[in-house]
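S.K.: Provided herewith is a single structure, encoded as structure tokens, for subsequent inquiry.
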Amino acid sequence: MSRSAKTRAEQHIETLLSQLPPDSPRYRALASARDFKSSWVSLGEQLQSVRRHQLYSEWGYDSFDDYCRLEIRIKRLTALKLTNAYRFLEKREPELLKEPADSGTIPDYRAVDLLRQADEEAGFGEDDYRQLRAAVIEQGRSLPTVQRQFNQVARAAEPAAATTRRSLQSALAAIRRLQNALQPLPQHAEFCRQPLDQLARQLEQELASGIDEDEESAEQTG
């Protein structure tokens, strides 16, 4: 993001903050977005709460994605990585969440998300996962170093990963076709809308984990 665009986003957030009670969930989420550069953990926690409890609907947004884009001013993939990384630390590395935000011991959220992928999706063996965890959590290696280490192992498992990716894409396409086919049948479409939307979002999240390094670099500009 350019400096001028970043400044506009900051001004937008500050304007909203001035209109909200400081103890409200909406204020806390915006304040975390304002302080994102110094501590991603707080924003990840707030976004997870907003999505889990669908607070965005109380604030006039149709979807979590719209809330992130229009109010917090971050891209969808950034929000996914933040919430996924926070959820992973909460589940697998809870001690890290007790560290002060400015301690310098909390890894980059993108590195944490790579570790999450290794644990949940990428078919890493125990030794490979342990080595990646050491690089991310214990040694605090840079994101490019962690990315290279992740890619080396992920490429070895690429045939299985590619098959999974194609299956996810096929399933998502089938959902979209079903949604289109149901449009002339409004009662049936409404009955199926929520479960189909939820399943489509889940498939999109899993597919988003496989974006290439160029998209990762572009996402950082957000």
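S.K.: Could you list all residues from the range 86-132 that are closer than 15 Å to Glu45 by Cβ and part of a loop (DSSP other than H, G, I, E, B)?
M.R.: Glu93, Glu99, Pro100, Ala101, Ile106 - these are the residues of the range 86-132 that are closer than 15 Å to Glu45 by Cβ and part of a loop (DSSP other than H, G, I, E, B).
S.K.: So, in the range 135-179, of the ones that are over 22 Å from the mean Cα position of the chain (by Cα) and among the hydroxyl-bearing types (Ser, Thr, Tyr), which residue ends up modelled with the highest pLDDT?
M.R.: Looking at residues that are over 22 Å from the mean Cα position of the chain (by Cα) and among the hydroxyl-bearing types (Ser, Thr, Tyr), I get Ser170.
S.K.: Now for a different question. For Ala79, are the conditions met, namely being within 20 Å of Val41 (Cα to Cα) and within 18 Å of the chain's Cα centre (by Cα)?
M.R.: On the way: within 20 Å of Val41 (Cα to Cα): yes; within 18 Å of the chain's Cα centre (by Cα): yes.
Criteria met by Ala79.
Let's see how each residue does on (1) modelled with pLDDT under 90; (2) surrounded by 16 or more Cβ atoms within 10 Å (Cβ to Cβ); (3) under 23 Å from Leu89 (Cα atoms):
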residue	(1), (2), (3)
Ser4	yes, no, no
Phe36	yes, yes, yes
Leu43	no, yes, yes
Gln54	no, no, yes
Gly60	no, no, no
Cys68	no, yes, yes
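S.K.: A further question follows. Hey, any hits in the range 165-178 for a residue that's surrounded by 11 or more Cβ atoms within 10 Å (Cβ to Cβ), of a type in the set (Lys, Arg) and more than 21 Å from Lys81 (Cβ to Cβ)?
M.R.: Yes: one or more hits.
S.K.: Here's something else I'd like to know. Inside the range 133-146, can you point out the residues that are outside any helix (DSSP H, G or I) and small (Gly, Ala, Ser)? Can you show your working first?
M.R.: Of all residues in the range 133-146, those outside any helix (DSSP H, G or I) come to 139-142.
The answer is Gly140, Ser142.
S.K.: Inspect the range 194-215 for any residue being surrounded by fewer than 12 Cβ atoms within 10 Å (Cβ to Cβ), at pLDDT 80 or above, more than 23 Å from the chain's Cα centre (by Cα) and not aliphatic (A, V, I, L, M) and give the result as yes or no.
M.R.: Scanning the range 194-215 turns up no residue that is surrounded by fewer than 12 Cβ atoms within 10 Å (Cβ to Cβ), at pLDDT 80 or above, more than 23 Å from the chain's Cα centre (by Cα) and not aliphatic (A, V, I, L, M).
S.K.: While we're here: Return the residue satisfying two criteria in turn: it lies in the range 21-59 and is assigned to a loop (DSSP other than H, G, I, E, B) and hydroxyl-bearing (Ser, Thr, Tyr), and of such residues it is farthest from Gly104 (Cα to Cα). Lay out the reasoning, then the answer.
M.R.: So the first thing to find is which residues in the range 21-59 are assigned to a loop (DSSP other than H, G, I, E, B), and the list is 21-24, 35-39, 53-54, 59.
The next check asks that each one be hydroxyl-bearing (Ser, Thr, Tyr); those that pass are 24, 38-39.
Working: Ser24: 28, Ser38: 10, Ser39: 10 Å.
If we take residues in the range 21-59 being assigned to a loop (DSSP other than H, G, I, E, B) and hydroxyl-bearing (Ser, Thr, Tyr), then Ser24 is farthest from Gly104 (Cα to Cα).
S.K.: Could you please find all residues in the range 60-85 being part of a helix (DSSP H, G or I), among the aliphatic types (A, V, I, L, M) and closer than 20 Å to Thr15 by Cβ?
M.R.: Listed by number, the residues that qualify are Leu70, Ile72.
S.K.: Cβ-Cβ under 8 Å, sequence separation 6+ or interchain: first residue in the range 86-101 and within 16 Å of Ser32 (Cβ to Cβ), partner surrounded by fewer than 12 Cβ atoms within 10 Å (Cβ to Cβ) and of a type outside the set (A, V, I, L, M, F, W, C). Which pairs?
M.R.: Every condition considered, the pairs that remain are Ala101/Ser38.
The values are calculated or read from the model by the stated rules, or taken from the named source; none is laboratory data. The shown structure was predicted, so the numbers you read here are calculated from the model rather than taken from an experiment. Using ideal geometry, Cβ is built from the backbone for each residue, glycine included, and neighbour counts are taken over all protein chains shown.
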